[in-house]
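J.: Okay, here's the structure, questions in a sec.
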Amino acid sequence: MSQSVYTMGIDIGSTATKGVILKDGSEIVGKIVIDVGAGTSGPKRAVEGILEQAGLAREDIQYVMATGYGRNALEIADFQMSELSCHARGAYFLFPHVHTIIDIGGQDAKALKIGDGGVLDNFVMNDKCAAGTGRFLDVIAHVLEVDVSELEELDAKSQNDVAISSTCTVFAESEVISQLAQGTKIEDIVKGIHSAIASRVGSLAKRVGIQDDVIMTGGVALNQGMVRALEANIGHSIHTSELCQLNGALGAALFGYQKYQNKAKKEARQAK
Amino acid sequence: MAKKVLEKIPGITPRPVEGHKPAAAVLRGVVDAVYGDAWDAKQRGELVGWSSSKFPIELAKAFDLQVVYPENHAATTAAKKDGLRLCNTAEDMGYDNDICGYARISLAFAAGEPTDARKMPQPDFVLCCNNICNMMTKWYENIARIHNIPMIMIDFPFQNTKDVSEEKIDYMVGQFEHAIHQLEELTGKKFDEEKFNAACDVANRTAAAWLKACSYMAYKPSPLSGFDLFNHMADIVAARCDVRAAEGFELLAEEFEQSVREGTSTWEYPEEHRILFEGIPCWPALRPLFEPLKNAGVNVTAVVYAPAFGFQYDGIREMAAAYSKAPCSVCIEDGVEWRETMAKENGISGALVNYNRSCKPWSGAMPEIERRWKEDLDIPVVHFDGDQADERNFSEEQYKTRVQGLVEIMDERKEAREAAGEEVYTNFDNTKPTDWSKPTI
Ligand code: SF4
């Protein structure tokens, strides 16, 4: 009887660590999000937590693939790949018609162009400034004294859009403070912030060339206010999944499965 | 973790041409000699000038003047990791962090901030022209002001058409005549036509040898890496009219020829991929720039910056036309054609672009040029934030991710093309050789 093959993908971002365990390259048997990333205890906790959840030991995992900003530091990984390819692969698994991916991560925003069959065709990333990244939202949420998870709800309440023109984190912070001083409602500021990010990230997507289906991945995709703002900016509807934050880790686990299979095939050829 | 680091292929190190030193060592010696000559001249009480890299230096050579090059000096200072200190000094003097890093380093040095990166005498006059960029005019004006010395300026109007018109040539030749007059006043000598013609002959010989050396990147595998050319650029900038540079480049071309015959290369790694590198390298970060490429077997076989210094011409009018062309001073149609032709000639399958924060003219046109590459050549193009001199504007980690993404795309495409029995690199159809300085009058 052939045994099941388990592969693990660990996506170590700048602000969170995500993990997925796949059985036979198709069934998710473990998933985890730890809210600290590279250089913290996050990666170790993610690996331990996800193994426990799936009731498996490290030895049961045939292939561990690391991705994300902290990918080079994961000792137990068999291989590492960029989060670009992993996001492409993960999104293709979830949405077979994907052609454009917009991913807003902790310190990067990127737009990926996906060819038929889910291959990464091209990508554009933000410059090193934090404008248009998850970090930007964190800073603004802090100024507004709300949790990032509340942004979606606040956005939905807004009746008036206020224009926040700057996407520089520091400048936007002072713009927000001055809006607050003028008595502008928090929900309108939140909506304005979402539009500001959307215009920044939308232009990345336009540069890479937008084609349906458009998928948004990364933790920020959980915020439907942000998704709506982006849809309005790019003029395309955007699909998300509840697994969007795990998308990079899922792609990594899928690549792990592919690598495992290639290796197995090679070994079988050599044995002949 | 299994981290892929490519091993050198044993036994393919190139050897020097029989009876000669390695060309790289010869060429290093030539630049040192140029700066040494300038020091000697200074010591003898002769005039020494600072020149912008694309000033028609043949004019000054007719007067036997010694000149050195602030851009080259700044690049060396940055490569030796002393650029940031000088940038800071310039900023303390009031120069903005947003202006070109070469200018900041040079202005700090001109104002007396010492650096051991390369010994360069202070100037008695400056030679400036704006065929490189307009920012340069202000930079050299300020040097002239700091030292209270004459500035000889030649205005090259931006090349917004593919052809250089007769009127423009008239305008530029008029300025050459005025510059000659200023040089006569400066030196108290008469313009020596014979010396001028001799300087032009050497400049043409140097350019021909340089372009020939650059052309060896077309071989598969290439006998060199484009990064080598960056190292040799000091000569084509600082020693164009020096017969020692012509000889050095001829030797370099001979060495590449020998490498092709013997299957050796300065790129001693498997050539998994070949790419075009656009822009000036980040001099303080050459290693971080090179390592991720090397580890993935990515050889740079097309660089726009290097051959753009090979001016070939016949007579003063063609010289004016040739000097009016530089990577950031030509219209976008020419810019695209230069680069795409080079991409095809040198067989690449991807491109990496430095969005140079120091150099606005260079970076300004890149998004459109990049878009055309994707469309016309169907290659993945990836850009990163960099700076040729100011290390604060380059993030190694972000660069690595972008390179890895590029390599992963090229890997996928290579596999698919190989499986379909197709040529992996940009095809050679309809390629006509790039004539970098083709005078179009
Ligand atoms: S690097 Fe750019 S801005 Fe600086 S001198 Fe050269 S062309 Fe001008």
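The values are calculated or read from the model by the stated rules, or taken from the named source; none is laboratory data. Everything numeric here is computed off the predicted structure, so don't read it as measured data. We place every Cβ from the backbone using ideal geometry, glycine too, and count neighbours over all the protein chains shown.
J.: Restricting the range B:297-352 to residues that are β-branched (Val, Ile, Thr) and either touching a Ser or Thr at 6+ places or on another chain (Cβ under 8 Å) or at pLDDT 95 or above (or both), which is surrounded by the fewest Cβ atoms within 10 Å (Cβ to Cβ)?
T.: Per the criteria, the residue is B:Thr341.
J.: Shifting gears a bit: Condition first: within 24 Å of B:Glu397 (Cβ to Cβ) and among the aromatic types (Phe, Trp, Tyr). Now tell me which residues in the range A:80-123 satisfy that.
T.: A:Phe123
J.: Could I ask something else about it? Consider B:Ile169 against the criteria (1) assigned to a loop (DSSP other than H, G, I, E, B); (2) more than 16 Å from the ligand (Cβ to nearest atom); (3) modelled with pLDDT under 95: it satisfies all of them except one. Which criterion is unmet?
T.: (1) is the only condition that B:Ile169 fails.
J.: Scan the range A:18-45 for residues that are without any contact (Cβ under 8 Å) to a residue 40 or more places away in the chain and either of a type in the set (Val, Ile, Thr) or crowded, with 20+ Cβ neighbours inside 10 Å (or both) and jot them down.
T.: Those that are without any contact (Cβ under 8 Å) to a residue 40 or more places away in the chain and either of a type in the set (Val, Ile, Thr) or crowded, with 20+ Cβ neighbours inside 10 Å (or both): A:Val29, A:Gly30, A:Ile32, A:Ile34, A:Val36, A:Ala38, A:Thr40, A:Gly42, A:Pro43.
J.: I would also like to ask the following. Taking the condition under 23 Å from B:Ile152 (Cα atoms), away from the ligand (no atom under 16 Å from the Cβ) and modelled with pLDDT of 95 or more, does B:Ala41 pass?
T.: In short, yes.
J.: Which residue, of B:Gln159, B:Gln175, is away from the ligand (no atom under 16 Å from the Cβ) and of a type in the set (S, T, N, Q)?
T.: B:Gln175
J.: Identify, by number, the condition in (1) in contact with a Ser or Thr (Cβ under 6 Å, 6 or more places away or on another chain); (2) at pLDDT 95 or above that B:Val237 doesn't meet.
T.: Of (1) in contact with a Ser or Thr (Cβ under 6 Å, 6 or more places away or on another chain); (2) at pLDDT 95 or above, only one is false for B:Val237: (2).
J.: Given (1) charged (D, E, K, R); (2) in contact with a helix residue (DSSP H, G or I) (Cβ under 8 Å, 6 or more places away or on another chain); (3) farther than 30 Å from A:Lys206 by Cα; (4) touching a residue at least 24 places away in the same chain (Cβ under 8 Å), identify the lone condition not met by A:Arg71.
T.: Going through the list (1) charged (D, E, K, R); (2) in contact with a helix residue (DSSP H, G or I) (Cβ under 8 Å, 6 or more places away or on another chain); (3) farther than 30 Å from A:Lys206 by Cα; (4) touching a residue at least 24 places away in the same chain (Cβ under 8 Å), A:Arg71 breaks only (3).
J.: With more than 16 Å from the ligand (Cβ to nearest atom), of a type in the set (Asp, Glu) and outside any helix (DSSP H, G or I) as the only criterion, which of B:Asp92, B:Asp96, B:Asp116 stands out?
T.: B:Asp116
J.: Can you name every residue in the range A:1-32 that is over 15 Å from A:Glu83 (Cβ atoms) and in a strand (DSSP E or B)?
T.: Residues satisfying the conditions are A:Tyr6, A:Thr7, A:Met8, A:Ile21, A:Leu22, A:Lys23, A:Glu27, A:Ile28, A:Val29, A:Gly30, A:Lys31, A:Ile32.
J.: In the range B:58-81, is there at least one residue being within 16 Å of the ligand (Cβ to nearest atom), in contact (Cβ under 8 Å) with a residue 24 or more places away in the chain, surrounded by 24 or more Cβ atoms within 10 Å (Cβ to Cβ) and acidic (Asp, Glu)?
T.: yes
J.: Moving on to the next point. Determine if the range B:408-423 includes at least one residue that is modelled with pLDDT under 90, within 14 Å of chain A (Cβ to nearest Cβ) and part of a helix (DSSP H, G or I).
T.: Scanning the range B:408-423, I find no residue that is modelled with pLDDT under 90, within 14 Å of chain A (Cβ to nearest Cβ) and part of a helix (DSSP H, G or I), so the answer is no.
J.: Then there is this: Could you grab me the full set of residues in the range A:75-118 that are under 21 Å from A:Gly19 (Cβ atoms), buried (at least 23 other Cβ atoms within 10 Å of the Cβ), of a type in the set (A, V, I, L, M, F, W, C) and within 12 Å of another protein chain (Cβ to nearest Cβ)?
T.: Correct list: A:Ala77, A:Met81, A:Leu84, A:Cys86, A:Ala88.
J.: Just to be sure, is B:Glu368 at the interface with chain A (Cβ under 10 Å from one of its Cβ atoms), away from the ligand (no atom under 16 Å from the Cβ) and surrounded by fewer than 18 Cβ atoms within 10 Å (Cβ to Cβ)?
T.: Criteria not met by B:Glu368.
J.: Scan the range B:371-391 for residues that are assigned to a helix (DSSP H, G or I), more than 16 Å from the ligand (Cβ to nearest atom) and surrounded by fewer than 22 Cβ atoms within 10 Å (Cβ to Cβ) and jot them down.
T.: B:Arg371, B:Arg372, B:Lys374, B:Glu375, B:Asp376, B:Leu377
J.: Only one of these is buried (at least 24 other Cβ atoms within 10 Å of the Cβ), under 14 Å from the mean Cα position of the chain (by Cα) and not hydrophobic (A, V, I, L, M, F, W, C): A:Gly219, A:Gly251. Name it.
T.: None of the other options fit; the residue is A:Gly251.
J.: For the range B:232-330, which helices (runs of 4 or more DSSP H) that fit wholly inside it have 1 or more residues that are within 16 Å of the ligand (Cβ to nearest atom) and under 29 Å from B:Glu368 (Cα atoms)?
T.: B:316-323
J.: Is it the case that the range B:343-361 has a residue that's within 10 Å of another protein chain (Cβ to nearest Cβ), under 19 Å from the mean Cα position of the chain (by Cα) and aromatic (Phe, Trp, Tyr)?
T.: Yes, the range B:343-361 contains a residue that is within 10 Å of another protein chain (Cβ to nearest Cβ), under 19 Å from the mean Cα position of the chain (by Cα) and aromatic (Phe, Trp, Tyr).
J.: Then there is this: Could you tell me how many of the residues in the range B:371-407 are more than 20 Å from B:Val424 (Cα to Cα), of a type outside the set (Asp, Glu) and away from chain A (no Cβ under 11 Å)?
T.: Final tally of qualifying residues: 2.
J.: Applying the selection to the range A:43-67, what residues are facing chain B (nearest Cβ under 9 Å) and touching a Ser or Thr at 6+ places or on another chain (Cβ under 8 Å)?
T.: A:Val64
J.: Residue pairs, Cβ under 9 Å, 6 or more apart or interchain, first in the range B:123-138 and under 23 Å from B:Ala306 (Cβ atoms), second within 11 Å of the ligand (Cβ to nearest atom) and of a type in the set (D, E, K, R). List them.
T.: B:Cys129/B:Lys54; B:Asn131/B:Lys54; B:Ile132/B:Lys54; B:Ile132/B:Glu71; B:Cys133/B:Lys360; B:Met135/B:Lys360; B:Met136/B:Glu71
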